[in-house]
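Take a look at the structure below.
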Amino acid sequence: MSSSMSDGSSSSRQWKSSPMPYRVGPLDYQPTVMCQCRCPAKVARWISWSTDNPRCRYYKCQHARAWCDGPTSSFIRELLNDLRDMVNSLRRWKELLQKEVEDSRAKGERQRREIDYVRAMVAMKKEEIRSLKARNQKLEKEKKILSAFCHAISDGDDKYEVKHYTHRFTVNLDKKECSCRYWHLSGLPCPHAIACIYFKTNSLDAYIAECYSVDAF
Ligand SMILES: [Zn+2]
Ligand SMILES: [Zn+2]
């Protein structure tokens, strides 16, 4: 038999089968009633919530059980049974609602974490784009400088012959190709092509593949 005792509100958890909290713990009552059977100890007093004997207190040890209160009138018995059932069903409702609240709280927390993750990814991608743009601009500048050392001669029809020191390249602006193959492979005009483009116009925009244009970012 349990020797832990409490009363008041905390007992509503401890004596869970009771729809009402125990005002006096099973061993806290006075005057003391000693066990009538083999065990020489104070007997515990419980409250019955059975359909036949609601609210009737009884003494119980591990060997025996005896009623402490007399029988209830049928009106009180029915009333108490209804109240007991109502308390039990409200308790079940409360548990269900609590579980729903916990579930939706967990779901909200999951969604918050997902949003944080997406935000971090977006920030990372933005930083990547920023550094790619900076790199692209640097490369363009370098190529422009290199192209200054290229000497382009027009063959007509957007075809050029480019001398770069002792090397010679053929550039076709219409097909966006140079014999060094850089333009064809990278989508960005090589210094030889840039020399031809500046020979022909003032802007590279029309000769840079869509995906590299600043607007694409
Ligand atoms: Zn006993
Ligand atoms: Zn080239």
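Sub-9 Å Cβ pairs linking a first residue in the stretch 169-193 that is farther than 13 Å from residue 207 by Cβ and part of a strand (DSSP E or B) to a second residue that is within 11 Å of ligand 2 (Cβ to nearest atom) and acidic (Asp, Glu), at least 6 apart or interchain, are 170/177, ordered by first then second residue.
Only one of the numbered conditions (1) closer than 21 Å to residue 203 by Cβ; (2) among the β-branched types (Val, Ile, Thr); (3) under 39 Å from the mean Cα position of the chain (by Cα) is not met by residue 145, and that is (3).
Scanning the stretch 55-64 for residues that are modelled with pLDDT under 90 and either surrounded by fewer than 13 Cβ atoms within 10 Å (Cβ to Cβ) or not in a loop (DSSP other than H, G, I, E, B) (or both) yields 62, 63.
Residue 70 meets each of the listed conditions (1) under 30 Å from residue 58 (Cα atoms); (2) at pLDDT 95 or above; (3) small (Gly, Ala, Ser) apart from (2).
The values are calculated or read from the model by the stated rules, or taken from the named source; none is laboratory data. Computed from a predicted model, the values in this text were never measured in an experiment. Neighbour counts are summed over all protein chains in view; Cβ atoms, including those assigned to glycine, are modelled from backbone coordinates with ideal geometry.
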